[in-house]
1. How large is the translational diffusion coefficient of the range 7-120 in µm² per second when you combine the Kirkwood radius over alpha carbon pairs with Stokes-Einstein at 10 °C and 1.306 mPa s?
2. Using helices alone, I'd like the mean residue ellipticity at 222 nm for the chain: each DSSP H run of four-plus residues gives -39500 (n - 2.57), total over residue count, nearest 500.
3. What does the net charge come to around residue 326 if you take all other residues with beta carbon closer than 12 Å to its beta carbon, with K and R at +1 and D and E at -1?
4. What percentages, rounded to whole numbers, describe P(r) for the chain computed over all alpha carbon pairs with 20 Å bin width beginning at zero?
5. Do you know the relative contact order of the chain, to the nearest whole percent, from alpha carbon pairs under 8 angstrom that are 6+ apart?
6. Can you spot the aspartates and glutamates whose alpha carbon is less than 15 Å from residue 40's alpha carbon? Ignore those fewer than 8 places along the same chain.
7. For a quick check, take a GNM of the chain with Cα springs below 10 Å and name the residue from 342, 328, 240 with the largest mean-square fluctuation.
8. In Å, what Kirkwood hydrodynamic radius results for the range 113-209 from the alpha-carbon pair distances?
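The values are calculated or read from the model by the stated rules, or taken from the named source; none is laboratory data. Source: prediction; values computed, not measured. In this analysis, Cβ positions are derived from the backbone assuming ideal geometry, glycine residues included, and neighbour counts consider all displayed protein chains. The protein model used for the area step is the full one, side chains on, heavy atoms only, and it has no ligands, DNA or RNA in it. Shrake-Rupley method; radii C 1.70, N 1.55, O 1.52, S 1.80 Å.
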Amino acid sequence: MEQSVTPDTSPQYVVGLMCGTSADGIEAVVVEISGGDGLKARLVAHRSRAFQPDLRKCILHACLHGTVAEICELNFLLGEHFARAALAVIRGAGLKPAQISVIGSHGQTVHHLPRARHASTLQIGEPAVIAERTGITTVADFRVRDMAAGGQGAPLVPYADWALYTDPVRPRVLQNIGGIGNLTFLPARASLEQVMAFDTGPGNMVIDAVVARLSDGRLGYDRNGAWAAKGHVSEKLLKLMLAHPYLRRRPPKTTGREEFGEMFVAKVLAGARRLRLSDEDVVATVTAFTAATIAQACERFVWPKLTVAERAQTQLVVGGGGAKNRTLLRMLAERVAPAGLLTQEDLGWSSSAKEAVAFAIMAYETMRGRPSNVPSATGARRAVMLGKIVPGGRWNFATKNAENT
């Protein structure tokens, strides 16, 4: 039987750290969390720390072409960056490290292979460095336990989505648009067993890569969707992109750079050249691709679970960096109507902070001895506690309680 680590349900300050598949920087939050089954969370502080272009280039190279030596060193380098991000957001909250109960760090995904002969995943950003620099107990490497239990290790955000966003009256679809897009479907008054979640396909990953290629590296992303807004969608190219077999695969499912990375982008750009598309049309089309993958995921897997009246009541709530792309939001709103489109800000949260908040919640639950994966989303055989605990300051094993100094 798994034992509780910190049974105290009084309010605690928890740091969440997140770096997504776009590898553009770290989102750091301080969250005040309290409660047991009726978990409550309040965002206290949020800081974004962008990576320098050379570091981002190094990370993206490591994801598909890195040597063992490069990844080994990058693991510790990113640990230093995560530690600095944690200390900065703690200062921004007006707190001291000793007031923080635990840090939850997702790390940086280097490779994710849920369908390999030996299913596996690798996130780096050494948590021992984070714990040593901050003196705060750190929970990290969340995905591997779910995979050990037969799951795909993703998506993991649905637990926090269920805890924070379940509505007593209307269904909600929580759509995160980071490097990869992931969806959480919450029926009205949903129990955890009713939650459905999966990766919808690429979020910003293909858009960012195309923008970087077309701008000769001058741009890392399409700010506010301005470039896409100038172009026209090529239905021929869009149809070719939508033929990717991942999009028809039934949940639970997860994807990453391995399926929608360099090789996929190269094929898209080759198709665009054959069709003689302008740069603006190419960016518009890959933006429409992200919107279409989300809309098709709803059409295939979510809307059939709802009545016509329920669908009209459904709120699709967008978070992640893609929520800042106005052209993408416009395209998505057109495709999911009559469901209403909102952003995290409309519900009082931050689009950029959403995933970091989720990993703060998962760390909190782990320290309380509670599972936080959602087997119906990941395909795991059972609910399990997630993450590996690296003690900070003082660790009292007699009481199984971390005390930070």
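1. Values: Rh = 15.6 Å.
Estimated via Stokes-Einstein, D reaches 102 µm²/s.
2. On the way: 15 runs with 152 residues, N = 405.
Rounded to the nearest 500, it is -11000 deg cm²/dmol.
3. Working: positive: 223, 324, 330; negative: 222.
Local charge sum for residue 326: +2.
4. 29, 59, 12, 0
5. Working: 900 pairs, mean separation 92.4, N = 405.
Worked out over the chain, it gives 23 percent.
6. Result set, ordered by chain and number: 8, 32, 161, 167, 365.
7. Highest fluctuation among the options: 240.
8. On the way: mean 1/r = 0.0646 Å⁻¹.
Here the Kirkwood hydrodynamic radius works out to 15.5 Å.
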